[in-house]
1. Out of segment 57-72, which residues are assigned to a loop (DSSP other than H, G, I, E, B), under 20 Å from Lys314 (Cβ atoms) and touching a residue at least 40 places away in the same chain (Cβ under 8 Å)?
2. Is it the case that some residue within segment 128-141 is buried (at least 17 other Cβ atoms within 10 Å of the Cβ), over 15 Å from the mean Cα position of the chain (by Cα), modelled with pLDDT of 95 or more and among the polar types (S, T, N, Q)?
3. Taking the criterion of being touching a strand residue (DSSP E or B) at 6+ places or on another chain (Cβ under 8 Å) and in a strand (DSSP E or B), would at least one residue in segment 210-219 satisfy it?
4. Listed residues Leu193, Leu176; which is within 19 Å of the chain's Cα centre (by Cα), among the aliphatic types (A, V, I, L, M) and closer than 27 Å to Asn47 by Cα?
Amino acid sequence: MVNTKTTFKAFRVEEESEKFISGIKEMPFEALEEEEILIKVHYSSLNYKDALSAIGNKGVTRNFPHTPGIDAVGTVISSKSSKFNINEKVIVTSYDLGMNTNGGFAEYVKVPENWVVKLPKGLSTKEAMIIGTAGLTAGMSVLRLTETIKPTDGTIVVSGATGGVGSVSVMILNKLGYKVVAITGKEDEKQYLLDLGATEVILRKDFEELQNRPMLKPLFAGAIDTVGGVILENIIKSVNPLGVVTCCGNAASIKLELTVFPFILRGVSLIGIDSQNYPMNYREQVWNKLADEWKLDNLESNANTISLDELSGKLNLMLTGKLKGRTVLKLV
């Protein structure tokens, strides 16, 4: 594939007089360095980090102007890599993409070869971005959980269940035969979660108000927590002996106020999931599972598709917690 264009469209965030403004700009192509590839982006997806980058959060992006988008999928159109050939379809998620390296909210993106995964057979480019970093994080969490906990061991609880990671976790666990309880702060989304495969929905406020004791009645064989804080504390206190809890988020709080009792009296394991720098061999394993034995039949029903022109408004909705499921950005 030969690229004859001299510029391409990108969603740019710029800093002016200590304020941040965003909009669609025409950008010039940059020369490829050794072991880099240029990808024509088919789809990207919206993540909370993207929303933070779009408002100038220096904890996510230090230097502006900048193109957010921590996810991208598309076709290789130019390559200085021995690993990837022209016309191959590939996925890029996390690492520094969309943080301090220009990301997937653009028609083209150039990245180092060691950030890239070949699109597995069994997944379309759109399906890959419905999964995206959020679904990959869910897959990583499920992989670590299911190494120890089997469907016959008992119920799995998932917090932040209407979000990207939580909703995909519920769907994968349901497909694998686990009984899933969903925790959400959105009372009006109960039916949505039941439709995804949850067998029960617990409201966040009710779960947060459980007795403040070192340990609680054991209720769950394992858990996938996406929010941290009191929710994670109460999950850990409520897990059965030898239960496993994965954690990957801190939207509620970065702090945990716990005793060691759940760990030394029940043997509970707490596993952190670092989706940004997760080893490539595990990434490939999870992507292949998501394309095959974990393939979700109702992916499209859990996603909305938008254009570049709609992007700014959707990012604002994400910041206010009013976006559910997955939102994919179409660029072709």
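1. Initial filter on segment 57-72 (assigned to a loop (DSSP other than H, G, I, E, B)): 57-65, 67-70.
Filter once more, so that each one left must be under 20 Å from Lys314 (Cβ atoms): 57, 60-61, 67-70.
Those that are assigned to a loop (DSSP other than H, G, I, E, B), under 20 Å from Lys314 (Cβ atoms) and touching a residue at least 40 places away in the same chain (Cβ under 8 Å): Thr61, Thr67, Pro68, Gly69, Ile70.
2. No; the residues of segment 128-141 include none that is buried (at least 17 other Cβ atoms within 10 Å of the Cβ), over 15 Å from the mean Cα position of the chain (by Cα), modelled with pLDDT of 95 or more and among the polar types (S, T, N, Q).
3. Taking every residue of segment 210-219 in turn, none turns out to be touching a strand residue (DSSP E or B) at 6+ places or on another chain (Cβ under 8 Å) and in a strand (DSSP E or B).
4. Numbers: Leu176 fails: within 19 Å of the chain's Cα centre (by Cα).
One residue alone meets the criteria, Leu193.
The values are calculated or read from the model by the stated rules, or taken from the named source; none is laboratory data. Given the structure is predicted, the values throughout are model-derived calculations rather than measurements. When we count neighbours, we look across all protein chains shown, and the Cβ atoms used for this are built from the backbone with ideal geometry, even at glycine.
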